[in-house]
Every structure is written in structure tokens, then in C-alpha cells.
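Beneath this line is the structure, given in C-alpha cells, with notes to follow.
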Amino acid sequence: MLVRSMILTLACMTALSGRAEAQQLAALTPPPLPVLHGASEKVLQPDTSALRYYAKRGEQERAQRELTRLRMLYPSWTPPQNIFADEGDDERVLWDLLAEDRIDAVKEKIASLRDTLFDYNPSIELQRALVTREHRQMMLVRHRNNDWSGILELADRHPQLLAGDDLEVLWLVAEAYARLERDGAANEAFLVALSASDKVPELQATLEKASQWLAPERTLALLAGVDNRLTNPETRRQVEDAIVRGALVRTSRLGETHPDQILELMAGFEARAWSEGRRDDMLLLAWSHYGRRNWQSSADWFDAALAVEGTKSADHAKAIEGLLLSLDRAQRYERALPLAKKHRDLSNEIGLLYVHAQSQFVLKRDADHVTADVLNDLARYTAQLKAGEGAEALGWTAHETGQHDTAAQWFALAMRWEETETAVYGLALSAMGQKDRAAFDALQTRYGGTYEKIAKLKWGKRRIRNDADRRIARVSAKQRRSVDMRKRIANAYESGRYTQCLSMTRSLRKGGPLKARDQEMRGWCLMKLDRAAEAERAFGEAVRLAGGKRSGREAAYGHALATLRNGKTRRALLIADANRLTGKQRRVIDIEVLTQQARAAFDARDYAGSIALLNRRGALTSEPRDLTLMRGWAHYHGGNA
């Protein structure tokens, strides 16, 4: 309600704060000091903006009074023959500059006019518009800097930003609320934006934005609110497609499953994307599947997008990158490597994926069976892109062939570009091969407290070549940050900071698709924030990613609880039956199921059935006061009073 109340009270605030506004405008445009001119200087010209304003509005009497006043003040001034003419209309020039967001040019023009026109000040309307436009630009800068709190602070201090029909500003404010996990306020902001969306394209764009940041249920509620404006079937289909696009963006960001209502809309969307060759929509579908870790489906959609003719170079490179990522996650290395080699010069990202694929190829083969051409090509791109993974692969190859000096150089480069446990480990082994005990001890002293493998390594107790060395999992600094983030998320949840917990899961998503445990933690945070519909999807995704493993039991429990919270009793039972919950977990589910069933029976006037269900519930746990009252009324209505 915050956004709406700000807008509804704007008129009142304006009326009550005239003095404050005058002070604000005065601060922006301080009154000029009188200037004395010599006889040889240019005769000052009066400010005719008010005269032209009255004339254009047809207020002849006021225009005549203004003309008389100017003649008295400036006896040598010759009035314009046609006061309706655009020539010399300085206010119009200022408005044109402001419309182009050339704020500095507006200020320079105002300063210039003050130098030549005595007592010149722009109109109050222009000064207000200039203040608003400056604050709008500040808001855009804060958006580029991801300063979400700063955006809301500007909106709070300057509610006139939200009072007009500037959709971009309303979208920015709504996004800021959503980024800060204030979904209710974000929903209100999008409601205001919908009321300002006069045309169908604006309506479509607003709903697409809303579906990117709001839970699907909220977006569909917004859609229902504008049903009367979507009487044309084709127009409605376009709007529904826009909502699907936004939902796909949200899914690629959060990795959540789609609710049934969105899936119904998506079926037609996918069919049209395929039959009409809509490349942008194909890419959205591809990234959405990638975000949900459906590697094969994402690869198929990337392939489909690349098959469409006329792909822009930037889109083409991004589609190749997505396809390579999907193939790598699906462990389809035999296709990923030649594809990466073919397109490695399209972008640095694809070049790094080529280095990754080629490094995997090199490490999986005996060093004696890797050709010099392959190694030289890998070395060239590794150096060009400063790729730590490639440097490690080359270091291990040199290490296995007894080239310890060369290996040490590559491992040192790898550590400079991207410090990992394997790079430090390889450098320590190289020091052994070089018989450099001082270097070995220095590495162990510096990194022994960080990496367990380094702490356990003993001088002279290892063979120079050991295939297990290169198979140690690479743990990069980026991956370590993800581990640290997961610890912070758990701490935030345990400390009751659920909004922060949820925000951090979004930040974690930047490092790659969320894992089962990540989605589970997201689900618990959402449950604590009473966002059960979103929690149900997060838990459902966690169960899917767990793939029936025992680690997914807690997620299945959360899934059943969230489903119950959403009133889906039968579905919750199916979830509980399909997963091996602990005895304690199943007891909690059964108690809640019996509670809901007893209430439903009472509402259906099946009083005997309600009492029977309450009796079954009573065998599992004590009965709270509200259910005891319901039991009493059930006996009363059932004739057992």
C-alpha cells in the first residue's frame, strides 16, 4: 500500500508544501542579482514567456496587461509583431532540451538567458519538471549500480516521480521492492504501473516485467484485473505470451518450477516459438531449462535457436555459449570440444569454454598421447585469456613428462590467474621434482591452513608422477565464495533473518544453477515469510534435483508442508506417500492433513465425519482450543448436545 498511498496523497502534499517547494525551486535556480549595463552594452530584452503563455491560451486581457507592464519596464523595447510565433520562444527550446534528457544543456540555457534577459526565471512548470527529471536520472544511475535501497529512498523523498505516467520509473521502483524481497510493495507498484499503461503494448510490457519479479500467482492476479481490457483474443494471447516470457526469465534466475497455470500458457508459447521460428523466445526457453538443470532440453532449444536464420552476432555468440554450457553439464564432451574449437574466437566466454573442453581432453589422456599441436593451441588461448584451468592442464602435462621447471611455471601462472587447491598442489609437487625444499616449505606454510591436501603432503613421500594428482577436484576462488555464501545463508536462516536468507540465495544463483540443497533452503526461507506458493515450487525443484536420494527427504517434507499450507491436502498426501519421510516428519504431515480434512468435513456439514477425523487427530497429538470449539459445534449440530 506504500506506493499507492504516496500517489493518493501527492495532491494534498503539494497543496500543503507550497513554501517548501518554493524553497526547493529557489535552491535550484537562485534569483539573479541586478546587472548594470553601460551605454555601449546591449540593451536588455524582457522575458516574454508569460506574454506568450497568456496569448497561446487565448487569455487576451491578461496578455494585454502583461504587454503594458513590459512596455513600462522597457520603453525602448519593440514588442514582437506575432506573439504566437515560435521564434524566440525560449521556454519551448528549454522543454525540447528537457525532453531529450539534456539537463546540463537546460541549465546552461537558463544561465545564458539570465545574462541577457533582466529578471528572467523559467516557468514554475519547467522548474518542477527539471527537478523531477534530475531525480529520475539519479534513479537510473542507482539502478545501474544495483542500489535498490537508494531507488526507494529517492521515491520516498520525491513522490512526484510516481505521480505521472512514467512507466520506466514505476518499473524501477517495483523491481527495487522485489529485489529487496518486499513482494507486497512490488505488487502495489506494478498495480500503479498497470493503471498508467494506457495502450496494449504498455500493458503487455508491464505484465512481462511483473512476471519477471513477482510470483506467478501475483502476476496472474494482475492479469485478471485487466481482463476487461483484453477482449480481443489475439491481444490477450500476446499479453499471455509476455507473461510467459517474464516467467521464463524468473525461472532462469531462480531455477524454480512453473505453476500449472503458467505451464498451460507455456504449451502454446512453445508451439508458436517452434513453428514460427521465434529465436528470442527459443533462447528464453533454453536458458529457463538451463536454470532448472535440464541440460538436454536446454541444449535442444539452443540448437533450435541457432538454426534460425538471421541470428544477430551477439545473440549467436550467447546461444553458442549456452549450448556449450549445456553440453558440458550433460557430459557430452565429444560434441562440446569441436563446437568450442570452431567458435572460440566469437567471444572471450566461448574462448574460455574452449580452454575448459580442451583441458578436460588433455587431462583424460596419457600425456605421451597428446599431440604437440593440441598443447600449443591450448597454450596460446590459455595465455591470451589468462585461463587458470588451461594453465593447470598444461602444468600437469609437463609434470607427468618430467618437465618440472615448465610445470612450476604453468602452475604459478594458474595461481596468479585463479588460485585453486590443485594449482597449489601441483606447484608443491613441482618443487619436489626440482628438489627445492625451501619452496615446498614456503608453500606449505602459506597454504597449509587453507587446503587440507597441502597440509597433509609430505616431502619425499610422493612419486613424481601419479595419475591421481590431476584428478583432484578443482576448487576455484569463485567456488569457495559459493561455499561461504551457503554458510551465510544457513546462518541467516538460523538467526531468523529470512528476507536476507532469501536475497542471498538469489546472489548464489549468479554462480550457476542452484543445487537441490540451495532450493531446499530457499523453500524454508519462503515458508517463514508466509510465501507458501513459492515455497512449494522451490521444494518441488529440490526434490526433483535430489533425484530420489536420501538427501532429498527434508526437501520432500518441506514440499508436503508447503502444499498443505496452500490447501492441497490430497496432493500433500501423495507427496508424503511417494517419499521416505522419517516417522516424526510423517506424524507432522498426518496431523495437518487430519486437521484440514476435519475442517473441510465441518464446512460441508458432515459433522459425524468431522468428529471422527478429530478423534484420529487426537490419537496423534493434543487438541488446540479452536478445534475443541469446532468439535463442540459439530456435536451440537449433529444432535449430540
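The values are calculated or read from the model by the stated rules, or taken from the named source; none is laboratory data. Note that the coordinates shown come from a computational prediction; the quantities given were computed from them, not determined experimentally. FYI the Cβ positions are ideal-geometry reconstructions off the backbone, even for glycines, and counts take in every protein chain you see. The accessibility values were calculated without ligands, DNA or RNA, using every heavy atom of the protein model including side chains. Shrake-Rupley method; radii C 1.70, N 1.55, O 1.52, S 1.80 Å.
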Might you let me know whether the stretch 356-368 holds any residue that is touching a helix residue (DSSP H, G or I) at 6+ places or on another chain (Cβ under 6 Å) and not in a helix (DSSP H, G or I)?
no
Out of everything in the stretch 72-98 that is in contact with a helix residue (DSSP H, G or I) (Cβ under 9 Å, 6 or more places away or on another chain) and either modelled with pLDDT of 80 or more or more than 15 Å from T48 (Cβ to Cβ) (or both), what residue ends up being surrounded by the fewest Cβ atoms within 10 Å (Cβ to Cβ)?
V93
In this structure, does D518 turn out to be out of contact with any helix residue (DSSP H, G or I) (no Cβ under 9 Å at 6 or more places or on another chain) and within 25 Å of L263 (Cβ to Cβ)?
no
Residues of the stretch 322-342 satisfying the condition of being touching a Phe, Trp or Tyr at 6+ places or on another chain (Cβ under 8 Å) and either modelled with pLDDT under 90 or surrounded by 18 or more Cβ atoms within 10 Å (Cβ to Cβ) (or both)
G322, L323, L325, S326, L327, R329, Y333, L337, A340
When (1) open to solvent by 10 Å² or more (accessible area, probe 1.4 Å); (2) over 29 Å from E234 (Cα atoms) are applied to E264, the one that fails is (2)
Flag for A242 being touching an Asp or Glu at 6+ places or on another chain (Cβ under 7 Å), open to solvent by less than 50 Å² (accessible area, probe 1.4 Å) and over 30 Å from K515 (Cβ atoms):
yes
Which condition from (1) open to solvent by 70 Å² or more (accessible area, probe 1.4 Å); (2) at pLDDT below 75; (3) in contact with a Leu (Cβ under 8 Å, 6 or more places away or on another chain); (4) charged (D, E, K, R) is the one that R128 breaks?
(2)
Is one or more of the residues making up the stretch 422-429 assigned to a helix (DSSP H, G or I) and over 42 Å from the mean Cα position of the chain (by Cα)?
yes
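Quick one: in the stretch 383-404, of everything that is in contact with a Gly (Cβ under 7 Å, 6 or more places away or on another chain) and open to solvent by 10 Å² or more (accessible area, probe 1.4 Å), which residue is farthest from L363 (Cα to Cα)?
The initial filter retains those residues of the stretch 383-404 that are in contact with a Gly (Cβ under 7 Å, 6 or more places away or on another chain), namely 385, 392, 395-396, 399, 404.
Within this subset, residues satisfying the condition of being open to solvent by 10 Å² or more (accessible area, probe 1.4 Å) are 385, 404.
On the way: L385: 19, H404: 17 Å.
Within the stretch 383-404, the match that is farthest from L363 (Cα to Cα) is L385.
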Got at least one residue in the stretch 560-578 being within 31 Å of the chain's Cα centre (by Cα), within 20 Å of R250 (Cβ to Cβ) and among the small types (G, A, S)?
yes
Starting from the stretch 353-380, keep only residues that are of a type in the set (G, A, S), then list their pairs with residues that are surrounded by fewer than 17 Cβ atoms within 10 Å (Cβ to Cβ) whose Cβ atoms are within a distance under 8 Å, requiring at least 6 positions of separation or different chains.
A357/Y333; A357/K341; A367/T401
Subset of the stretch 405-456 (residues that are among the acidic types (D, E) and open to solvent by 40 Å² or more (accessible area, probe 1.4 Å))
D405, E418, E419, D436, D441, E452
For the stretch 140-149, indicate whether the set of residues that are surrounded by fewer than 17 Cβ atoms within 10 Å (Cβ to Cβ) and in contact with a Leu (Cβ under 6 Å, 6 or more places away or on another chain) is non-empty.
no
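For the stretch 229-293, give me every one of the helices (runs of 4 or more DSSP H) that falls completely inside it and has 2 or more residues that are within 26 Å of K568 (Cα to Cα) and touching a residue at least 12 places away in the same chain (Cβ under 8 Å).
Details: elements: 233-254, 260-275, 279-291.
Qualifying helices (runs of 4 or more DSSP H): 233-254, 260-275.
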Looking at the stretch 207-229, which of the residues that are farther than 30 Å from D518 by Cα and surrounded by fewer than 19 Cβ atoms within 10 Å (Cβ to Cβ) is farthest from the chain's Cα centre (by Cα)?
N228
Output for Cβ contacts, cut-off 6 Å, separation at least six or different chains, first residue closer than 17 Å to G552 by Cβ in the stretch 568-588, second of a type in the set (A, V, I, L, M) and surrounded by 19 or more Cβ atoms within 10 Å (Cβ to Cβ), reads A572/A560; A572/L564; I575/A560; A576/A560; A576/I589; N579/A556
Among (1) over 17 Å from M415 (Cβ atoms); (2) at pLDDT below 85, which single condition is K456 missing?
(2)
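Condition first: of a type in the set (K, R) and touching a residue at least 40 places away in the same chain (Cβ under 8 Å). Can you find one or more residues in the stretch 198-206 that meet it?
The initial filter retains those residues of the stretch 198-206 that are of a type in the set (K, R), namely 199.
From the residues that got through so far, the ones that are touching a residue at least 40 places away in the same chain (Cβ under 8 Å) too are none.
No; the residues of the stretch 198-206 include none that is of a type in the set (K, R) and touching a residue at least 40 places away in the same chain (Cβ under 8 Å).
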